[in-house]
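To keep things clear, I will list the structure first and then write my remarks on it.
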Ligand code: NI
């Protein structure tokens, strides 16, 4: 029987040093050449079979157990964000304008720690582990591209696992929640076309600014009036662009926003009502409207049975009070592409430590994590893999 806590403790310095090195050298999506190079090099040192250049910079590794059995996919994202780092960490970014402000540096390090742990104990595994180091999670479509390039085939996974260090949760805790935990996301792009005129002669034009104002307020009634109060959804207008001067009524206004939902039924309601509200209000104001809504990511929906199994493993490995079973967010994650039609679970690994100053939110220029999360995430993921392949 493998002692996962002891093994993760033993690998702590290895994962911490890797994480700090990745943190210091952040790379934007599809340009993770240095990071992917280190990933491949570390896996090669273990004589693990590796495919590189999957979806540009992705790396996929296969570890075969001592006996045949199911296939478990474990996914780790590698990309950083276009943010100027403001931590004073000794391992702060040396790449101007780029920062690991979401913790993907930690995920990549956990993945390499997991590779070592599994490789060392692989004779005890009945099945296959597919380690997926993914590029471009941050809204750039890395997971979707990996799927298009066949990451879910040869072999096809029977289970899909992922994790995220989580600064809204104290280090030591885990968010392991069944059902939808991260939202389906789409972008909304609306054009309101009127007729330009002199600001002093509004009667000679058709004012798209007044129409846009009513549309924005109308959109705010969809979640409050059309969505079942027991479900949850978000419509946020995040940009409104139109006009050039104080005395000109512009011919056109553009509105941008984001749409978030958990259930397919609610998603349908949002998309239908946005279209109706925008075109209806625009028509009543004599304007024409164009509405374009584009999917970005599907919902992250954790499999019930697998999630309960992982809650039990976390309870055995740590303790019941470390397991939070209702942690959810309306944020989105492209891990959902690697979970489609596969029993899957995406776990939040607490990484917040207020005393040490690790309490800034994800994507904040002062974001940093308590690195104990690396050890905790590694121990839980390793124990899950062994449980599924025993
Ligand atoms: Ni992230």
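I want to confirm something. Restricting to the stretch 97-121 and keeping residues that are in contact (Cβ under 8 Å) with a residue 40 or more places away in the chain and in a loop (DSSP other than H, G, I, E, B), which single residue is nearest to the ligand (Cβ to nearest atom)?
Applying the filter and picking the extreme gives 102.
Looking at this structure, is residue 90 surrounded by fewer than 20 Cβ atoms within 10 Å (Cβ to Cβ) and in a helix (DSSP H, G or I)? It would help to see each step written out before you state the result.
Values: surrounded by fewer than 20 Cβ atoms within 10 Å (Cβ to Cβ): yes; in a helix (DSSP H, G or I): no.
So residue 90 fails the test.
Out of everything in the stretch 122-142 that is part of a helix (DSSP H, G or I) and surrounded by fewer than 19 Cβ atoms within 10 Å (Cβ to Cβ), what residue ends up being farthest from the ligand (Cβ to nearest atom)? So that I can check it myself, show each step before the final result.
Taking the stretch 122-142 first, the residues part of a helix (DSSP H, G or I) are 122-124, 142.
With surrounded by fewer than 19 Cβ atoms within 10 Å (Cβ to Cβ) added as a condition, the list becomes 122-124.
Working: 122: 29, 123: 34, 124: 32 Å.
Step by step, filter the stretch 122-142, then rank; the result is 123.
Looking at the stretch 341-365, which of its residues are in a strand (DSSP E or B) and farther than 20 Å from residue 384 by Cα? Step through it out loud before you land on a result.
Kept after step one, since they are in a strand (DSSP E or B), are these residues of the stretch 341-365: 344-353, 358.
Answer for the stretch 341-365, where residues must be in a strand (DSSP E or B) and farther than 20 Å from residue 384 by Cα: 352, 353, 358.
Scanning the stretch 305-337 for residues that are more than 17 Å from residue 261 (Cβ to Cβ) and outside any helix (DSSP H, G or I), which turns out nearest to the chain's Cα centre (by Cα)?
Once the filter is applied, the top-ranked residue is 327.
From the list 63, 38, which residue is touching a helix residue (DSSP H, G or I) at 6+ places or on another chain (Cβ under 8 Å), closer than 21 Å to residue 154 by Cα, more than 16 Å from the ligand (Cβ to nearest atom) and in the same structural domain as residue 104 (by TED's automatic domain parsing)? Show your work before the answer.
On the way: 38 fails: closer than 21 Å to residue 154 by Cα.
Only one candidate qualifies: 63.
Only one residue in 157, 202, 208 is surrounded by 24 or more Cβ atoms within 10 Å (Cβ to Cβ), outside the structural domain of residue 46 (by TED's automatic domain parsing) and away from the ligand (no atom under 16 Å from the Cβ), so which one is that? Outline the logic, then answer.
Details: 157 fails: outside the structural domain of residue 46 (by TED's automatic domain parsing); 202 fails: surrounded by 24 or more Cβ atoms within 10 Å (Cβ to Cβ).
Matching residue, one of 157, 202, 208: 208.
Starting from residues that are outside any helix (DSSP H, G or I) and more than 14 Å from the ligand (Cβ to nearest atom), keep the ones in the stretch 369-383 and report whichever is farthest from residue 20 (Cα to Cα). Outline the logic, then answer.
At the first step, the residues of the stretch 369-383 found to be outside any helix (DSSP H, G or I) are 369-371.
In the following step, the residues that additionally are more than 14 Å from the ligand (Cβ to nearest atom) were identified as 370-371.
Working: 370: 12, 371: 10 Å.
Among those residues, the one meeting the criterion is 370.
This table checks each residue for (1) at pLDDT 95 or above; (2) in contact with a strand residue (DSSP E or B) (Cβ under 9 Å, 6 or more places away or on another chain); (3) within 22 Å of residue 337 (Cβ to Cβ); (4) within 16 Å of the ligand (Cβ to nearest atom).
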site	(1), (2), (3), (4)
52	yes, yes, yes, no
55	yes, yes, yes, no
69	yes, yes, no, no
86	yes, yes, no, no
95	yes, no, no, no
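The values are calculated or read from the model by the stated rules, or taken from the named source; none is laboratory data. Keep in mind the model is a prediction, meaning the values are calculated, not measured. Note that each Cβ is placed from the backbone with ideal geometry, even for glycine, and that neighbours are counted across all protein chains shown.
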